[in-house]
Amino acid sequence: MAEKQMESVSTQKERNEVVADKRGFLRLAGATLGVVVAACWTGLAITKSAQKVEGANTRAHSVDEELRQQQIMAGKKMVVMTQEEKQKMLDRILRNHYRTVS
Amino acid sequence: MSEDKRKNDIDEGQDDGTTKESRRDFLKKMGVAAAVTTVAPAATAATTKAASIAEHLQTHFEMMSDSQKEAAIARLEKRYSEQFEKQVTVANTPAPDEVLFGYALNISKCIGCRRCVEACVRENNQSRDPAIQWIRVLQMERGNDTFELENWHKGSPSSSRIGDYGVQSGGHADKAVGISGHTDHYYEPEQVPEENAFYFPVQCQQCEDPACVRACPVQATYRDPNGIVVIDYNWCIGCRMCQLACPYWARRFNWSEPALPNEEMNPKTHYLGNRPRMRGVMEKCTFCLQRVRDGRYPACVEACPVGARKFGNLLDPESEVRKILATKKVFRFKEDFNTEPKFFYYMD
Amino acid sequence: MISPKKYVRATVFYGFFAVVTSGLVLQDMPSQATTPEDKSGAKECYESIKGATELVKKDNVVPKYGYPNVKCSPTTGAVLWYGDPYDDTEPMGDMPTFGDHTDGDFAQAVIRTRTKHLKTIIQNGTKCSGCHPAADATTQKNDPRELMMHQDIVSNATKLQHGRGAIWCFDCHNAANRDTLVDHKGQEISLNEPYKLCGSCHGVTYSEWRMGLHGKRTGEWRVGGKKRWWTCTECHNPHTVQEHRFQPIAPELPPALPRGMTKDDFKGASGHGGH
């Protein structure tokens, strides 16, 4: 009786393990698939929504760029170089050039 | 998700077979649905843009072997030729030796006609819609009421034939000099030049110490051996750091797929120059790299009807640019940023 | 240039972003470029002076790339781009020595044949000498009168501004041969080589032009390379130069305003000095 019980317990256990294994595998496979699907879905959603709002965005960005550019151009600072400054500037540029290409 | 709730979910799953079953089914359905939705567009993309995927996987242009470069260029030539329905060449002409390019622009000559802008668009295959332009011509009011001649010793603007417009004589400046008055690049008169205006074209200044190159996290933009700052469009990740770093706002970003009519496309291109760009990459003036490496003047120089634009080799003392540096009143735009531009503005 | 160490860093960085961005890029079908009709512009275009530097657009002048000789603006008819910078030119020929080191740069210089583009010659279908065969009495002394013809060139010959009243027609036009110019030493000069005449008064400008500082050139950027040199009268009209150093022209279109914005939207951002 006890033996039988033991046996049944062990088969039950085996069966349980098998089931658990199968279940675990499926769960794992399902989860993996789920993650992949979710990733794909998210990617698609991002793309789609990006495309959807693109019209509005393009405008917003370019306005932003316009204003930035205007701002940058407003910072005008022009200083005519003296002969000496020109020579020094040229020396700096040429020195840097030769250092870079060597 | 809180600890308790997650625990509950797990318990539920173990206790209740039906939930499990339904979830399994759901996942199965999801899988099929996902396969359909993701594979279908991927497949079409693969057939129509096979070259793009290969392009996407290629390495940095400077790091390619010669055979890799050849393959990359062949790929591009094939794609462009099909797309624009004509024979497109993508050159890999090397930088000439012993050359450092410099540019000089005479602001006392410029009449603001914008031919340089249009020439640039035609030469460099810029997008027509949305319109991308690498050169901006600013119109500024002449005259400067901020500074007086008696303040000369304090660094007041020098007067010139075309008026006192805030250009400060150098070396002894004790304060910043700005240009008073209105600035506009949407000006649209019947004829130019207008009275009481002067014009100030701005494009990439090809800095010797470029802020944009420092800002690029992937080295997609770099200085070529002739001092031109170039972009490997295929390596560019579109993060726009360079654009933010540039004090001249000389870089343009392709927010959407550029549109370029087939018959207006310039089929003579260079890998680092005017080949058609794609959405999501940065672009800017390259001194017409595809031309200057072949010995030709940049398109904007040739287009200028008044000869205000001069271009040449800074290493050659006989070049036009070096002679201008030697004999003219020269200044650089935003010199205080210390990026050492090789684009010089000058006056007669 | 790129150092290997930086390259490795760049590659890692790139890989990261490539994964993120690839999805977006792959979705991006090449927009079938809406191909409107050929907007390459007018057939009749002009270079620097409207009405005096006209030329005709010719297709397929450079067959390798299918380039026309020029591309012109559809809005203003201005020449914007040169497929062939040496189209319709001839060698500059010998240049007088000048005592500066610009001698020797002229070997590969070319100029456009001006007489082929002079409106008066084209319209009348004959050279100047076809109507003005020889010198007559009116050309002998400095005694300007109102012109009977060519008022479109000089509206009032008695008040010619060039030289501020000190010179008149036949100080530059050759009375003995109307197809040519003449300098103050009596030297005959071709209409195609006006610099030899202009330079005799405008010495500094002439010198700068020879050095490449004044005026326009197209072609090769190298010193001594093949270049087309723009001659004086291709940019300046000597009859009206006192009025306009350079004759005003129509500008190309301004950049497109961002969608939905008007010019006024940017008024606030325009600068008034400083930051």
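Could you count how many residues in the stretch B:302-319 are acidic (Asp, Glu) and touching a helix residue (DSSP H, G or I) at 6+ places or on another chain (Cβ under 8 Å)?
2
Could you name every one of the helices (runs of 4 or more DSSP H) located completely within the stretch B:241-316 that has at least 1 residues being among the hydrophobic types (A, V, I, L, M, F, W, C) and facing chain C (nearest Cβ under 8 Å)?
B:289-292, B:299-303
Determine, yes or no, whether C:Lys71 is modelled with pLDDT of 85 or more and open to solvent by 50 Å² or more (accessible area, probe 1.4 Å).
no
Looking for whichever is in contact (Cβ under 8 Å) with a residue 60 or more places away in the chain and hydrophobic (A, V, I, L, M, F, W, C) here; the options are C:Ile189, C:Ile249. Which one fits?
C:Ile249
Being in contact with a strand residue (DSSP E or B) (Cβ under 7 Å, 6 or more places away or on another chain) and open to solvent by 10 Å² or more (accessible area, probe 1.4 Å) is true for just one of B:Arg291, B:Arg277. Which residue is that?
B:Arg277
Select from the stretch A:80-89 the residues that are at the interface with another protein chain (Cβ under 7 Å from one of its Cβ atoms) and part of a helix (DSSP H, G or I) and write down the one among them that is nearest to B:Arg322 (Cα to Cα).
Among those that are at the interface with another protein chain (Cβ under 7 Å from one of its Cβ atoms) and part of a helix (DSSP H, G or I), it is A:Lys86.
All but one of (1) touching a residue at least 60 places away in the same chain (Cβ under 8 Å); (2) of a type outside the set (A, V, I, L, M); (3) open to solvent by less than 20 Å² (accessible area, probe 1.4 Å) hold for B:Cys246; which doesn't?
(1)
Examine the stretch B:177-189 for a residue that is modelled with pLDDT of 80 or more, crowded, with 23+ Cβ neighbours inside 10 Å, facing chain C (nearest Cβ under 8 Å) and in a loop (DSSP other than H, G, I, E, B), and state whether such a residue exists.
Yes, some residue in the stretch B:177-189 is modelled with pLDDT of 80 or more, crowded, with 23+ Cβ neighbours inside 10 Å, facing chain C (nearest Cβ under 8 Å) and in a loop (DSSP other than H, G, I, E, B).
Is at least one residue of the stretch C:43-66 within 30 Å of C:Gln247 (Cβ to Cβ), modelled with pLDDT under 80 and outside the structural domain of C:Lys227 (by TED's automatic domain parsing)?
yes
Residue pairs, Cβ under 9 Å, 6 or more apart or interchain, first in the stretch B:124-136 and under 15 Å from B:Glu257 (Cα atoms), second aromatic (Phe, Trp, Tyr) and open to solvent by 10 Å² or more (accessible area, probe 1.4 Å). List them.
From residues that are under 15 Å from B:Glu257 (Cα atoms), the pairs are B:Pro130/B:Trp255; B:Ile132/B:Phe253.
Could you look through the stretch B:326-335, keep only residues that are of a type outside the set (Lys, Arg) and within 11 Å of chain C (Cβ to nearest Cβ), and pick out the one that is least open to solvent (accessible area, probe 1.4 Å)?
Per the stated criteria, the residue is B:Ala326.
For A:Val36, only one of the following conditions fails: (1) closer than 30 Å to B:Thr327 by Cβ; (2) at pLDDT below 85. What is its number?
Unmet condition: (1).
Please pick out the residue among A:Arg59, A:Arg92 that is more than 11 Å from chain C (Cβ to nearest Cβ) and either modelled with pLDDT of 90 or more or over 27 Å from B:Lys329 (Cβ atoms) (or both).
A:Arg92
The values are calculated or read from the model by the stated rules, or taken from the named source; none is laboratory data. Please read all numbers here as calculations on a predicted model, not as lab measurements. For neighbour counting, all protein chains shown are included, and Cβ atoms are generated from backbone atoms with ideal geometry for every residue, glycine included. Each accessible area value is taken on the protein alone, full model and side chains, heavy atoms only, with ligands, DNA and RNA left out. Shrake-Rupley method; radii C 1.70, N 1.55, O 1.52, S 1.80 Å.
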